[in-house]
Amino acid sequence: MTSLLRRYWFEFELPPREPRAPGGRLQIEDRPTLHLRNGIGVTGYSEDDCLQLIRAQVCHGEEPPPVTSVRIDVDVREIPEWFHRHHQVGVPPWRGVWAPPFNLWQGPT
């Protein structure tokens with residue numbers, strides 16, 4: 001039996017952003033948190049496979065924050081419209097993280 005790739009959309013439990021004081025500088029989040037804040041699209045063989053890809057490609061080997069929701073077989077047209085307006089989307093049929101477009105830089109795995 002051949003395993004098929006499936007598209008997943010993950011959302012994570014993250015601390016709220018620190019409010020910016022009037023005239024204050026904007027706090028810059030660490031990269032993994034920044035990439036995970038708006039949800040993340042991953043194609044893989046299973047939910048566990050996708051979490052491994054997130055751990056390796058986005059979180060630099062560290063555990064991601066707790067998952068609050070997972071959508072399986074997500075249609076790219078169903079991800080939030082604001083994501084399309086503000087972020088690039090990679091190649092969803094390729095195995096890997098496609099939103100943000102990590103798989104554009106790494107190619108299919």
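The values are calculated or read from the model by the stated rules, or taken from the named source; none is laboratory data. Quick caveat, the model's predicted, so the values are computed rather than measured. With ideal geometry, Cβ positions are generated from the backbone for all residues, glycine too; neighbour counts draw on all protein chains shown.
Summary of values
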{"item": "Residue in the range 59-72 that is out of contact with any Ser or Thr (no Cβ under 9 Å at 6 or more places or on another chain), among the charged types (D, E, K, R) and at pLDDT below 80 present", "result": "no"}
{"item": "Residues (surrounded by 10 or more Cβ atoms within 10 Å (Cβ to Cβ) and within 14 Å of Trp9 (Cα to Cα)) located in the range 65-77", "result": "Val67, Thr68, Ser69, Val70, Arg71, Ile72, Val74, Asp75, Val76"}
{"item": "Filtered residue count, the range 1-32, keeping only those that are modelled with pLDDT under 75 and more than 21 Å from Arg71 (Cβ to Cβ)", "result": "17"}
{"item": "Single residue of the range 88-106 satisfying the filter (in contact with a helix residue (DSSP H, G or I) (Cβ under 8 Å, 6 or more places away or on another chain) and in a helix (DSSP H, G or I)) that is farthest from Asp75 (Cα to Cα)", "result": "Gln106"}
{"item": "Counted residues, the range 38-55 - those being touching a strand residue (DSSP E or B) at 6+ places or on another chain (Cβ under 6 Å), of a type in the set (Gly, Ala, Ser) and outside any strand (DSSP E or B)", "result": "1"}
{"item": "Close pairs from the range 75-101: first farther than 18 Å from Leu36 by Cβ and modelled with pLDDT of 85 or more, partner of a type in the set (S, T, N, Q) and surrounded by fewer than 17 Cβ atoms within 10 Å (Cβ to Cβ), Cβ under 6 Å, at least 6 apart", "result": "Arg95/Thr109"}
